[in-house]
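A short worksheet on the structure shown next.
Every number in this text was worked out from the coordinates using simple rules, so none of it is lab data. Quantities reported herein were computed from a predicted structural model and do not represent experimental measurements. Note that each Cβ is placed from the backbone with ideal geometry, even for glycine, and that neighbours are counted across all protein chains shown.
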There are 2 protein chains.
Amino acid sequence: MRKNILLIMQYEGTRYHGWQKQTSPDYTIQGKLEALLEKLFGESVQVYGSGRTDAGVHAMGQAVNFHTESRMPLPEMLSAINHYLPDDIAAVEIREMPERFHSRLHAKGKCYCYQVLTGTVPDVFRRRYALEIEEKLDVEAMRKAASWLVGEHDFKSFTSAKKGKKSTIRRLDEIRIEESGKILRFWFRGDGFLYHMVRILMGTLLEVGRGERDPDSIPELINARNREIAGYLVPAKGLTLIEVYF
Amino acid sequence: MRKNILLIMQYEGTRYHGWQKQTSPDYTIQGKLEALLEKLFGESVQVYGSGRTDAGVHAMGQAVNFHTESRMPLPEMLSAINHYLPDDIAAVEIREMPERFHSRLHAKGKCYCYQVLTGTVPDVFRRRYALEIEEKLDVEAMRKAASWLVGEHDFKSFTSAKKGKKSTIRRLDEIRIEESGKILRFWFRGDGFLYHMVRILMGTLLEVGRGERDPDSIPELINARNREIAGYLVPAKGLTLIEVYF
């Protein structure tokens with residue numbers, strides 16, 4: 001009986017070249033996981049992630065599925081997987097899914113968080129997970145800009161993806177900016193995200209927060225469908241994939 | 001004008017051999033800091049920590065003072081220090097203190113936190129800062145044991161320090177056990193802590209939590225003044241020095 005297994009995975013992206021498998025030697029999450037499952041089950045295994053995370057991006061709840069003939073009970077499988085994974089990757093949940101379930105094709109939405117540490121004082125415990133910004137940011141202006149971004153739009157201005165036939169229309173359900181001392185957390189929830197989309201949205205918001213861009217210029221920016229005039233691509237390390245919704 | 005400078009410091013202890021300077025090559029916080037200050041000021045500098053932290057122990061608020069002839073303004077000094085420190089050590093506050101201030105001799109108390117991650121599922125983001133324990137722990141029994149430990153006692157049973165003339169009497173003001181999902185945080189506040197004291201108190205509490213030790217056996221354990229019968233020494237990585245009180 002071939003089973004379809006869903007794993008919910010955590011990883012610290014710092015030392016990896018992202019989710020997607022590349023040529024060997026392979027420093028990708030997908031590569032590490034496939035090699036391990038192959039050893040564990042003695043069969044070749046292909047894993048499907050809900051989406052690629054870039055090099056340096058972290059995950060609290062990446063969803064991954066794969067098919068296996070293995071008859072190993074699930075709790076044992078989870079513990080074997082964690083035993084062999086490096087300590088900056090972990091499987092935190094395991095579930096058997098219907099035969100046709102696919103973690104990318106069936107994902108209804110995702111939530112990302114981008115962390116910013118403001119001020120000139122470093123934070124040793126957050127250095128891997130937050131972007132340091134020295135200037136004071138205007139949070140209200142960023143909230144105003146964010147309110148223009150929420151909704152269904154063509155986000156072509158906000159992706160590094162090359163020209164293609166695929167739709168660049170996405171629905172952003174929420175951008176929430178949470179202040180907690182020197183930490184700013186930007187939560188993005190939507191039905192799907194284009195290549196680099198969260199990081200370019202973040203760059204645009206930070207330019208607004210620094211007073212370099214008018215919050216009310218966003219609609220114009222969306223309409224332009226032109227990557228050149230949107231904000232900069234912020235570093236990957238502040239970004240964490242929080243959850244995938246099915 | 002010789003100044004007496006207080007630094008509040010953060011560090012991730014993972015890759016260090018503790019606070020206290022040793023022979024070179026020096027992987028200690030004190031060693032790194034002294035070498036840097038010497039370069040920065042062109043004079044030999046001795047730094048005084050509020051106490052030694054063991055290899056692997058972290059700090060959110062270690063207090064450190066040193067004397068210098070430097071006339072560098074303090075904000076500039078803080079930023080220069082952080083510029084040269086490795087990224088797992090940081091100075092988060094700087095203050096000029098009276099000539100005779102000494103961060104160890106004038107410390108009135110300290111607060112430590114020990115983190116435990118319960119269950120069989122790893123947590124990638126806490127692996128450096130929490131001890132993993134698979135068994136379910138009896139928190140109420142640990143709270144009962146902790147209540148026996150609070151107060152002024154001879155903590156000779158709870159230190160690895162060799163026989164000496166120094167007093168082993170300390171006052172524990174509070175042990176608070178906080179549950180947050182799978183994370184248990186043990187907060188220890190007191191006027192001072194003996195060598196390995198928090199880690200042996202923790203080992204004793206965990207043995208109570210596992211049902212291996214009666215919570216009401218604590219008074220007997222204190223009276224025995226015998227390290228042999230107290231709990232095990234828990235790993236350093238779960239321990240963080242939170243604050244030093246003056």
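Put simply, chain A fits an ellipsoid with semi-axes of 35, 20, 15 Å; these come from the alpha carbon gyration tensor as the roots of five times its eigenvalues, largest first.
Is the C-alpha gyration tensor of the protein assembly as shown telling us rounded, prolate or oblate? Criteria: a/c under 1.5 is rounded; beyond that, a/b larger than b/c is prolate, otherwise oblate.
Working: a/c = 2.32, a/b = 1.35, b/c = 1.72.
Oblate.
Taking Cα pairs under 8 Å and at least six residues apart, what relative contact order does segment A:181-233 come out at, in percent? Write down the numbers at each step before the final one.
Values: 25 pairs, mean separation 23.6, N = 53.
After rounding, I find 44 percent.
Shown for A:Tyr84: label points 7 Å from Cα along the beta-carbon vector, and their distances to the equivalent points in the other copies, 4.9 nm in ascending order. When peptides A:48-60, B:130-142 are ranked by their average number of other Cβ atoms within 10 Å per residue, the highest-first order is A:48-60, B:130-142. In this structure, the pairs whose alpha-carbon distance is over 26 Å, taken from A:Lys156/A:Lys237; A:Lys110/A:Lys237; A:Lys108/B:Lys136, are A:Lys108/B:Lys136.
Of the beta bridges in segment A:35-187, as assigned by DSSP with both residues counted there, near 85 percent are antiparallel.
May I ask you to derive the FRET efficiency for A:Arg176 and B:Lys182 from their Cβ-Cβ distance with R0 = 35 Å, giving the value to the nearest 0.05? Intermediate results must be reported in sequence, preceding the final value.
Details: r = 25 Å, r/R0 = 0.71.
So, using R0 = 35 Å, E works out to roughly 0.90.
Summarising the amide proton neighbourhood of B:Glu93: residues at separation of 5 or more, or on other chains, whose placed amide H is nearer than 5 Å comprise B:Ile8. Label-point spacing for A:Glu134 across the identical copies (point 7 Å from Cα in the Cβ direction), in nm and ascending order: 5.0. In this structure the amide hydrogen of A:Ser103, modeled in the peptide plane, comes within under 5 Å of the amide hydrogens of A:Asn65, none closer than 5 places in sequence on its chain. Close amide H contacts of B:Gly190 (hydrogens built in the peptide plane, cut-off under 5 Å, sequence separation of 5 or more or a different chain): B:Lys110, B:Asp173. In summary, the aspartates and glutamates within cross-link reach of A:Lys166, defined as a Cα separation below 13 angstrom excluding same-chain residues under 8 places away, comprise A:Asp154. Between the C-alpha center of segment B:1-56 and that of segment B:68-124 there is a gap of 10 Å. Cβ-Cβ distance of B:Lys162 and B:Ala35, R₀ of 30 Å, FRET efficiency by 1/(1 + (r/R0)^6): the value works out to about 0.50. With the label put 7 angstrom out from Cα along the Cα-to-Cβ vector, A:His17 ends up 3.7 nm from the copy partners, going from closest to farthest.
Taking every residue in A:118-129 and counting other chain Cβ atoms within 10 Å of its Cβ, the average works out to 5. Of all aspartates and glutamates in the structure, the ones whose alpha carbon falls short of 16 Å from that of A:Lys144, not counting any fewer than 8 places away in one chain, are A:Asp173, A:Glu174, A:Glu178, A:Glu179, A:Glu207, A:Glu212, A:Asp214, A:Asp216, A:Glu220.
Using the average count of surrounding beta-carbon atoms within 10 Å as a protection proxy, the listed peptides B:10-16, B:165-171 rank, highest first, as B:10-16, B:165-171.
Against the empirical 2.2 N^0.38 Å scaling, what ratio does the C-alpha Rg of segment A:1-71 come to?
Values: Rg = 12.1 Å, N = 71, 2.2 N^0.38 = 11.1 Å.
With N residues counted in segment A:1-71, Rg over 2.2 N^0.38 Å equals 1.09.
For chain A, the longest principal axis of the Cα atoms and the long axis of helix A:29-41 meet at an angle of about 10 degrees. Computed from label points 7 Å out along Cα-Cβ, the spacing between B:Ser217 and A:Arg126 is 4.4 nm.
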